[in-house]
Structures are given as C-alpha cells and as structure tokens.
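Visitor: Here it is: the structure, laid out below.
The values are calculated or read from the model by the stated rules, or taken from the named source; none is laboratory data. What you see is a predicted model, and the numbers here were worked out from it, not measured in a lab. All Cβ positions, even for glycine, are placed from backbone atoms using ideal geometry, and neighbour counts span all protein chains on display. Only protein heavy atoms, including side chains, enter the accessible area calculation; ligands, DNA and RNA are left aside. Shrake-Rupley method; radii C 1.70, N 1.55, O 1.52, S 1.80 Å.
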There are 2 protein chains.
Amino acid sequence: MIDFQTNPERYRHWRLKVDGRVAFLELGVEPRGGLDPGYELKLNSYDLGVDIELADAVQRLRFEHPEVGAVVIRSSLDRMFCAGANIGMLATATHPLKVNFCKFTNETRLAMEDASANSGQRYLAAVNGNAAGGGYELALATDHIMLINDRRAAVSLPEVPLLGVLPGTGGLTRLTDKRHVRRDRADIFSTLEEGIKGDKAREWGLVDELVPASAFDDTVVQRAAEFAARSDRPGDVTGVSLTPLRRTIEPDRVEYTFLTIDLDREERTASLVVKGPDGPPPPDPEAAAGLGADFWPLRLARELDDAILHLRVNELDIGTILVRAEGDLDLVLAHDAFLLGKADHWLLREVVLLWGRVLRRLDVTSRSIITLVEPGSCFGGVLAELILAADRSYMLIGSWSGEGGSAAGLVITDSNRLAYPTWNGLSRLETRFWGDPGSLAGALATVGRRLDAEEAMAAGLITEAYDDLDWDDELRLVVEERASFSPDGLTGMEANLRFPGPETMETKIFGRLSAWQNWVFQRPNASGEQGALRRYGSGIRPEYDTRRA
Amino acid sequence: MIDFQTNPERYRHWRLKVDGRVAFLELGVEPRGGLDPGYELKLNSYDLGVDIELADAVQRLRFEHPEVGAVVIRSSLDRMFCAGANIGMLATATHPLKVNFCKFTNETRLAMEDASANSGQRYLAAVNGNAAGGGYELALATDHIMLINDRRAAVSLPEVPLLGVLPGTGGLTRLTDKRHVRRDRADIFSTLEEGIKGDKAREWGLVDELVPASAFDDTVVQRAAEFAARSDRPGDVTGVSLTPLRRTIEPDRVEYTFLTIDLDREERTASLVVKGPDGPPPPDPEAAAGLGADFWPLRLARELDDAILHLRVNELDIGTILVRAEGDLDLVLAHDAFLLGKADHWLLREVVLLWGRVLRRLDVTSRSIITLVEPGSCFGGVLAELILAADRSYMLIGSWSGEGGSAAGLVITDSNRLAYPTWNGLSRLETRFWGDPGSLAGALATVGRRLDAEEAMAAGLITEAYDDLDWDDELRLVVEERASFSPDGLTGMEANLRFPGPETMETKIFGRLSAWQNWVFQRPNASGEQGALRRYGSGIRPEYDTRRA
C-alpha cells in the first residue's frame, strides 16, 4: 500500500526550512529510499514517494505558515538540481502506476501554481546545476527560475531523444503556454539531450535569470525576499497545524472521522460516504482557526483527498465510486455560507482553495463517479459539488417506504457559482450547462432553495430520479452495466465528457499532453523489450518500429 | 497503395445528385467494395475507401456547384442510415492504419463544417433509420439532424459498450461542445448500446427535428430548400471542374505539375518541392474561373493535399518531410495579393479556404516537417505558411558559393495574418508568437518586405540560418538526428508543440479525443486477442484487465 500521509519529521528526501517570510524546500533524495527497492534514486531523481513529500510540504506551507510569502525550491546536491523521474522506476512500473505517478506529480506542480496564483505564496527555483527532464519541469512550475551561470549547468528535456517518451509532467505545455517559448525553439530544446545553458537559456525564455556562481546563494535569498515582500499573506498570525488524519484501514473498509469507504470487490465499487458537521460553524474565523485541523470543512477536505488518492493507487480494480453524503443539510449550508462569506480571512481562503484542489483531483480520477442523493443526505453548497463532479447522479423521489421522514433535498448556493472552478476555469455549474445559458439560468434561479427530486430534475441538476420501488433495481443495473464495460473505454470517455467548453493550460496538460504520454507509454517503442525505456542504461540502443502512426 | 483521387463516375458507395440549389449525397455502401477483401461493408458501414469518396464529393460541391446552398446526406438503404466504421476493418487494421483512418474521417467531417461556416453550403442529415457510431458522428457534423419518427430509428454511440473504444470521429466532443448535450446525459447516451430515439432524442438535443415517416422525404426536401435559400452562394455562375490531377508515381518519386516528392528511404525523408506559378495571375476572377483547375493556386493546393495524404498512408516509414519552394517570388506574391484582394468572389474564396484546409491537414500530419529556404525559393504569402507550419525552418545566408545570383528571401504578407487560420482559430503567425506580442508585432512590421536570412532570423520567422559552408553538414545532422528518435516520441511531441494557445472544438478532437482514442486502440482490452474489437461478433465475450489506469 502506498500511503499519501506524511509530515516533515518523516521526510527522507526533502528538508523544509522556514526563515521569516521565506521558506526553503531542499531536495536531497535518499538513493536507497525509493518506494520499491528495485531502483536507486541517484542524482536527485525521484519516484512517487519523493513527490508525496513535496505535495505534503506544499500543502503545509499554506496552512501552517501564513507568514511565508515565497518558497525556494533548491537542491542539497553539489551542481545538480534534479535529474527528474527515475528511469529505472519508469522502466519497471506497470502502466497504471506510470499513469498515476504522472497524474499525481502533475497535481503537485499545479498545486504550487495554485499557491502562487491564489494564495500569495510564490515559488522560485534555485537551479544550482543540471535540471533535467522532470527536474526542469519542476522548475517550470515555479514563478521564477534562477540558473547558475557556471558554464556547466543546463536545463534540459531529454525525454524524446533519450527515452522515447514525452516530458509529460506539463513540460511541453508549459514551454509554449506558460513561458511562451517559440514552438520551433521548443522543438530544438526538447530534442537536445544535453539541454541549453547560459545566455541562450535566458534568451529563449527557458529561465528567468542567470546568476554568477559566486553570488548564487545570496541572490536567491534576496530574490525570494523581494517576492515575499509583495505577498498579501498575513505576517502576524499563527498557522493551523495539519495534524495526522485519524484513519483505520481494514481489508474492505477505510474509516476516517467524517468519511468512510466500503469496498464491494465483486461489484468493483467503492461506497464513499462523507458526513456533515456535528454542529454549527464557529462564530468567526479566529474561532475556526482555534479548531485547527478539526474545523469540519478542513478535516473533511483532507480526508476526501486522501481517500481519492488511496482508491486511485491502491485499489486499481475498483471501477466505480458511489458517493453519498449523510448529515444535517442546514449545518452544511451554514458552514458553506461561513466559508464563502469570510473568504477574505487567510484560513478560510485556504480551506476554500483546498476544496477546489480536492474536487479537481476528483475530476481527473479515472473511475466512474456516481452520486446518490437520498433522504438524510446533505448535499448543499460545497457538498453539492460532488453531484456536479459526478458522471451521473441519482436522487430518490420521496422517502424510503415505511420510514416516513422528510424526502431527500439538495441546495445549490452561491459557492457553486463562485468558489470551486474546475480545470477549465469555469464553475462545475457552467461546465454542466455549457452552451445552454437558459438551463444555466434556470439552475441558478434555485440558489438557496431546498429542491426535492422533481425540482432537481426540472432544474437539470441530477441525471435521474427514481422512487423507492425502483431505486435498488435501477441502481443495481447501472452499477452492473458499468462493471461490464472496458475500463479503458470508460477512462477515455470520461476524460472527454468531463471537460466541455474552454480549455486551459491545465486541461491541456491533463487532456492533450497526458493522453499522448499514456499512448506513448503503451507503445512498444517505449515500453517493449527493445524499447527506449527498457534499454536505457544498458549500453544497447533501442530498436524502433519506424512506422509513423 | 491507397489512392485518394476519385470522381463521381467512379464512386461505388455514394451517389451525388444536384437538384437546383440542393444537393443529395446518398450513401449505399457496396458490401464487397471495401479496400480490403477481408471484411464486408454491411449496413452502410464504411472504411477509408468510402470516406475518400465522401471527401471528394464535399470538395467538388464547393468548386463545381457554386449554386448549391444545401447538401442532404441520406441513405439509399431502407430504415438504415449508417452503421459507422466497419468493425471487421477496425479489428484487423494495423495501428497506423486505424489512426490514419480516424484522422482522415475527422478531416472530412470538419470539411463539411468548414463548408457550412465559411462557404454558404449547409449540411443536413436525413436520418431515415438507425445511425450508429460513426453513422451518428457523420450526422453530428451536419447543421441539422432530421430523425424519422417511426418508433424504431435511433441514434447511438455504442462504441464504449460494444467495442471498448471511443466514438473517436469527433462524437464525444461534438456531443458536449457543438450540441451542448449535458455531460451526464452524454454519459448515458454513450453507454447505451441501443441508443435513443423519438422525443427523448429531440429533448436531449441529440437531433434537431423529428419527422413522421409518412412526411419524411418531403420534409427533408423542404428543409433543405429553406437552408439553401439563406445561402450567400451565387446561383447563376458555372462551377470549376476539378479535373483529374496529372500525377506519375514511381518507386521513389511522385511527380505532379507543380509539386514533386523524392523519397530517400535510407534517411527516411521525403523531399517535397512546390513550384511557383509560370506567369502573373489572371486579370480578374472571371479569368481565373476560365483557367479552372489549371489556376495555379488551385492546382497546387490539390496536389499538395494529395501528396500529404499519400505520404501519410502509403509511406509510413518516411519520418521527415523536407519542404522547399522553387520559383519566382514576385509571381507568388502577385497571386497571393490577387487571392486576398478578390476573396469576395466565390471561386477565390473557395481557393483560399481550400488552402486553409490543406495547410491544416499538414498541421495534424504525424511527420516532422522541416522547411528549407534557399536561393531561388519563393516563400511568400500563402507559401510562407509552409514555413510557419513547419516544426523547424532553416534559411541559407547569402547565395551558394560560386553561383552568385541573389540570396534567398522570404516575404510575410497580410494573408499570413488574415487568411489561413490553423485549428486553434489563430493565424500561424499568432500561434508562433503566442503570448509574445512584442515579437508578433516585430514580425508583422515586416509585412510586404523581402527579408534575407539575417532579417528573417531577427524577425523570429525562421529557426536557424546557416551559410553555404555549414548548410549541408548542419542539415545532415538535423535529418540524421530526427531519424534516430522514437517515431512515437516525435509524434506525441509534435502534437503538443504545434498547438500553443487557445483550444477549439477542432483542437479538442485532434488533441484530447484522438490521443485518448489512440491510447485505447493500443490497449489489450480493445485490440488484444481477447479484447472487445477482436471478439466482436464471435459470440464470445471479451475478457478485460479490470485495472483502471
């Protein structure tokens, strides 16, 4: 089992040091510290385990260090920034593991850009030596790349010439769409094993600043201080400690405080239940900060994040996630309004942004997602995003027979309109009704109103509504049918249907770039016995099927 | 060898009938008329050969029938519109052939949409029975889908449930991005083998109009007449006949009137030379129409189109296309100005739009494209697009030693700014300088001026400039290096770098959708011995590796 939970005391590959307004994240990969003993992580090359620590640090910096306005990524090795993803790992990993590895590392780099764009925490890369492949792609995810000017250090994307695969952690996309490197120059750069250094790297826009070796460390500190000085983060408050999640993992069940997962291995489904809060929101943001990691929306978001990652990587055979929410809808709505109303407070802003990232992680999770709205559920505001993120959603008409009680209800709020954009830059509501402004307006007209199943159907917010007599049979059919389909067909279909409308750098990374990378990973020229990934380092040249497809 | 040249007299699968302002394209696939005898084209299912005829008809309608304002796609079979791509063909085709088949059929459908959007020739689909898979995707490419309401006829995308592959001819993308079908409904529809018919098909936006069986034929004719009446195409002029191309094909050489290809099979390159016009442009558009298919820009565009398709499908081992242009630059510029200046004339509009399609075909051709600008070349205006479409371009400084004469020059004109958008909706100039408005302005400041190599380098219009001493060695290195790389790595890299900036429905089809389809095609769950494509029709259920990647 791969565990995504860690903390700085357990890091083996990164060191996190905070100095006033500036944090330093120093990479010193432990060569024998890989997730699998079959490869050695030389030259600051990385595997998923190294990136789990980075993702943890990026997250902690936002919550635990409200004072930090700039983060420097640097290396503890001499003349070597980072050699990228470990090739021995890529050569031996299964296809699903390669895909999951790329997806997670992409999310981590996008989380750095999210911190920079929305949270006043800017990133700098202090490239003290070679930054190759994923090492340069890590630098590409920062706001400012400083390259040591020592006639040696180069940035490079040697994937195509050396390995026959793509710089797939956003590299190709960020070259043209973030750094605006001219496409023919990007072509030359991406086919140049040894990369580009010095003035040419600066002139082509591959780095932002060249720094003489003698002044490197001082200039990095100075530049970071300048970035930090322009941050809007509060300097004078205490952060919220991200204490370890409470979690029990049994063979077919994972239990957190506000979330449980039950696995049905025969049906290949995970039943995921999120729970609403136990009481009303705190009176003000300071009281929320006092609750710390126990503040309901913060705890649940972290639990949901961990649950998604666990299912993705450790439960490959689970094809469908059935999502339910149990609890008091009014209490959820009170928390939702509290979050949105006070989002100018640094902590609540972070909680809203965290929910945004967790939901976007769901959007690129290659499992069918079906949301079930039943009596006793609490899909409102932020939790209603789970309906909008689903491939399909079903709602019970009326109440369970014989049980009486109130029927299922759901509530769309302003936060569904404003707070949680998906990868295409739009809200999930706009995405759902893309190109259909009338239906969008109809759905928005229900904001704040508790909708029963018929009303939710009329507003286009759910897929189907069934009454108690049909519910079990209909859902069984849906689940069985889904399980009978090709998992790859479903993955490809969902990856297309989930992203109507405009595309952004992010959707290009997860759509165009990742899809091509997955194709390349699947091709014998990369992953076959004689392919480039398998032959790398053997001294034997790969043998290619030269037909262009 | 697969030949992309045909004409209505040779059609085996389509019948083209023109009745005043309305044309009827009737599909009646000859079951034994497949390109390969190994499969039977039952139920109006198609292979590449069927689509070559469709593409030819779509093209001819624009040039040969200026009077036609609406085109009806209908079927000659009873109660069956089209069953989509032939499954036997897909099951046995090599991976490169599947990819090329999908690419070409996508281009044909986009050519229909291009006719509708830019040329006043609207398309209607008269769906007289089932439209399944690619059959419905063909309808999706029209402006108006009319479904017979006979309680039987359904539209469907059964690829995922039946075959484990995607509706990859734009189907998934057009559902959400063209027809604005809600994504959860698109999910249901795309997993429903039997499809959707009647009122629900209309309500979900899958079709535009339901027509009772008794009134079907009449209503189709009436609706087509209404569309035609709104067209801006001239009703009173004679079209230009697209006479057969003059072409000689030898083992390592293809020769047309204004274009030659020489193949170097050892280096795996094609040397493609386009030739400029023999004289000045005609005095006016009517004179151009008098030249008919011999009008230089029309003939060259058709030859280039055929050459690209030939290389794509018949010369899989050719990895790099070296593009040169020979001729009088001033005569090219005179034609370029004539085309742009008179583009309100129906024929010149068609020629400009044809160039747009041919160049866009080049943009999605999975071969490395390198343009060489040498003395005696004529890259100006429309031909300069061949520089902007290239992955790299090289220009000679000065003239060949010992030969004297004038140095190579190139000229950007207003047509590079206005006339030939690529798939992302931008000009290739804007695409090249995406996110770098200063460089774009610098390049535009040269419009109309003949640039030598140093000036072209300074304006960012070429990749590198070499003098006579270095030219041969440098180019040999480039070509040899390219040939040493993984063909798949290059294909993936080029598919990303060629499309900086915004995405459109078209780039989503060629990027996101096609890349996922190619991935799925490569997966054992589709194409393996026990995969869905291979097992279809055998009575044995496919066996899936159930791990989600």
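Visitor: Given the residues B:81, B:101, which is the only one that is modelled with pLDDT of 95 or more, surrounded by 21 or more Cβ atoms within 10 Å (Cβ to Cβ), farther than 25 Å from residue B:207 by Cα and of a type in the set (Phe, Trp, Tyr)?
Guide: Result: B:101 is the single residue among B:81, B:101 that is modelled with pLDDT of 95 or more, surrounded by 21 or more Cβ atoms within 10 Å (Cβ to Cβ), farther than 25 Å from residue B:207 by Cα and of a type in the set (Phe, Trp, Tyr).
Visitor: Further question: Please go through the range A:73-101 and pick out each residue that is of a type outside the set (S, T, N, Q) and closer than 30 Å to residue A:223 by Cα.
Guide: Scanning the range A:73-101 gives A:73, A:74, A:77, A:78, A:79, A:80, A:81, A:82, A:83, A:84, A:85.
Visitor: Kindly evaluate residue B:201 against the criterion of being farther than 29 Å from residue B:52 by Cβ and within 29 Å of the chain's Cα centre (by Cα).
Guide: It is false that residue B:201 is farther than 29 Å from residue B:52 by Cβ and within 29 Å of the chain's Cα centre (by Cα).
Visitor: Further question: Can you report the number of residues in the range A:424-462 which are of a type in the set (A, V, I, L, M, F, W, C), within 11 Å of chain B (Cβ to nearest Cβ) and surrounded by fewer than 18 Cβ atoms within 10 Å (Cβ to Cβ)?
Guide: Total satisfying the criteria: 0.
Visitor: With open to solvent by 10 Å² or more (accessible area, probe 1.4 Å), away from chain B (no Cβ under 14 Å), under 21 Å from residue A:285 (Cβ atoms) and of a type in the set (Asp, Glu) as the only criterion, which of A:328, A:344, A:305 stands out?
Guide: A:344
Visitor: I need the helices (runs of 4 or more DSSP H) fully contained in the range A:180-279, keeping only those with at least 3 residues that are within 14 Å of chain B (Cβ to nearest Cβ) and either free of Cβ contacts under 8 Å to residues at least 40 places away in the same chain or open to solvent by 10 Å² or more (accessible area, probe 1.4 Å) (or both).
Guide: A:183-189
Visitor: Going by what's in this entry, would residue B:50 be described as within 14 Å of another protein chain (Cβ to nearest Cβ) and either part of a loop (DSSP other than H, G, I, E, B) or within 24 Å of residue B:358 (Cα to Cα) (or both)?
Guide: no
Visitor: List the pairs whose first member sits in the range B:376-402 and is of a type in the set (Lys, Arg), whose second member is in a loop (DSSP other than H, G, I, E, B) and surrounded by 18 or more Cβ atoms within 10 Å (Cβ to Cβ), and whose Cβ atoms are under 6 Å apart, counting only residues at least 6 apart or on separate chains?
Guide: B:392/B:463
Visitor: For the range A:534-549, name all the residues that are in a loop (DSSP other than H, G, I, E, B) and within 12 Å of chain B (Cβ to nearest Cβ).
Guide: Hits for the range A:534-549 are A:536, A:541, A:542, A:543, A:544, A:545, A:546, A:547, A:548, A:549.
Visitor: So is residue A:173 in contact (Cβ under 8 Å) with a residue 60 or more places away in the chain and at the interface with chain B (Cβ under 8 Å from one of its Cβ atoms) or not?
Guide: Yes.
Visitor: In the range A:111-131, which residue that is open to solvent by 10 Å² or more (accessible area, probe 1.4 Å) and in contact (Cβ under 8 Å) with a residue 40 or more places away in the chain is nearest to residue A:316 (Cα to Cα)?
Guide: Once the filter is applied, the top-ranked residue is A:111.
Visitor: Considering the range B:482-491 alone, what residues qualify as being without any contact (Cβ under 8 Å) to a residue 12 or more places away in the chain and part of a helix (DSSP H, G or I)?
Guide: B:484, B:488, B:489
Visitor: Could you say which residue among B:284, B:317 is within 14 Å of another protein chain (Cβ to nearest Cβ), open to solvent by 40 Å² or more (accessible area, probe 1.4 Å) and in contact (Cβ under 8 Å) with a residue 12 or more places away in the chain?
Guide: Exactly one of B:284, B:317 is within 14 Å of another protein chain (Cβ to nearest Cβ), open to solvent by 40 Å² or more (accessible area, probe 1.4 Å) and in contact (Cβ under 8 Å) with a residue 12 or more places away in the chain, namely B:317.
Visitor: While we're here: Here are some residues: B:411, B:364, B:382, B:373. Which one is among the β-branched types (Val, Ile, Thr) and either open to solvent by 10 Å² or more (accessible area, probe 1.4 Å) or more than 24 Å from residue B:444 (Cβ to Cβ) (or both)?
Guide: B:364 is the lone residue from the list that is among the β-branched types (Val, Ile, Thr) and either open to solvent by 10 Å² or more (accessible area, probe 1.4 Å) or more than 24 Å from residue B:444 (Cβ to Cβ) (or both).
Visitor: Could you run through the range B:500-533 and say how many residues are assigned to a loop (DSSP other than H, G, I, E, B) and open to solvent by 10 Å² or more (accessible area, probe 1.4 Å)?
Guide: The number of residues fulfilling the criteria is 7.
Visitor: So, one more: Within the set of pairs 6+ apart or on separate chains, which have a first residue in the range B:341-357 that is within 14 Å of residue B:415 (Cβ to Cβ) and assigned by TED's automatic domain parsing to the domain that holds residue B:418, a second that is open to solvent by 10 Å² or more (accessible area, probe 1.4 Å) and at pLDDT below 95, and C-beta atoms under 6 Å apart?
Guide: Hits for this filter: B:348/B:342; B:349/B:343; B:352/B:343.
Visitor: Criterion first (crowded, with 23+ Cβ neighbours inside 10 Å and out of contact with any Ser or Thr (no Cβ under 9 Å at 6 or more places or on another chain)) does residue B:19 satisfy it?
Guide: No.
Visitor: All but one of (1) more than 30 Å from residue B:407 (Cβ to Cβ); (2) open to solvent by 10 Å² or more (accessible area, probe 1.4 Å); (3) assigned by TED's automatic domain parsing to the domain that holds residue B:334 hold for residue B:540; state the number of the condition that does not hold.
Guide: (3)
Visitor: Taking the criterion of being at pLDDT below 95 and closer than 30 Å to residue B:171 by Cβ, would at least one residue in the range B:202-221 satisfy it?
Guide: There is no residue in the range B:202-221 that is at pLDDT below 95 and closer than 30 Å to residue B:171 by Cβ.
Visitor: Here is a further query. Conditions: (1) closer than 23 Å to residue A:325 by Cβ; (2) in contact with a His (Cβ under 7 Å, 6 or more places away or on another chain). Residue A:412 meets all but one. Number of the miss?
Guide: Condition not satisfied by residue A:412: (2).
Visitor: Okay, moving on. For the condition in a loop (DSSP other than H, G, I, E, B) and more than 14 Å from residue B:112 (Cα to Cα), what is the one hit in B:26, B:40?
Guide: Among B:26, B:40, only B:40 is in a loop (DSSP other than H, G, I, E, B) and more than 14 Å from residue B:112 (Cα to Cα).
Visitor: Just give me the residues in the range B:154-170 being more than 25 Å from the chain's Cα centre (by Cα), at the interface with chain A (Cβ under 9 Å from one of its Cβ atoms) and open to solvent by 10 Å² or more (accessible area, probe 1.4 Å), in sequence order.
Guide: Across the range B:154-170, the qualifying residues are B:161, B:163.
Visitor: Name the residues in the range A:494-516 that are more than 7 Å from chain B (Cβ to nearest Cβ) and under 19 Å from residue A:386 (Cα atoms), would you?
Guide: A:494, A:499 - these are the residues of the range A:494-516 that are more than 7 Å from chain B (Cβ to nearest Cβ) and under 19 Å from residue A:386 (Cα atoms).
Visitor: If you go through the range A:474-493 one residue at a time, how many are more than 7 Å from chain B (Cβ to nearest Cβ) and either of a type in the set (A, V, I, L, M) or farther than 20 Å from residue B:194 by Cα (or both)?
Guide: Looking only at that region, the number is 5.
Visitor: Something else now. Can you spot a residue in the range B:155-175 that is in a strand (DSSP E or B), in contact with a strand residue (DSSP E or B) (Cβ under 6 Å, 6 or more places away or on another chain) and at pLDDT 95 or above?
Guide: There is at least one residue in the range B:155-175 that is in a strand (DSSP E or B), in contact with a strand residue (DSSP E or B) (Cβ under 6 Å, 6 or more places away or on another chain) and at pLDDT 95 or above.
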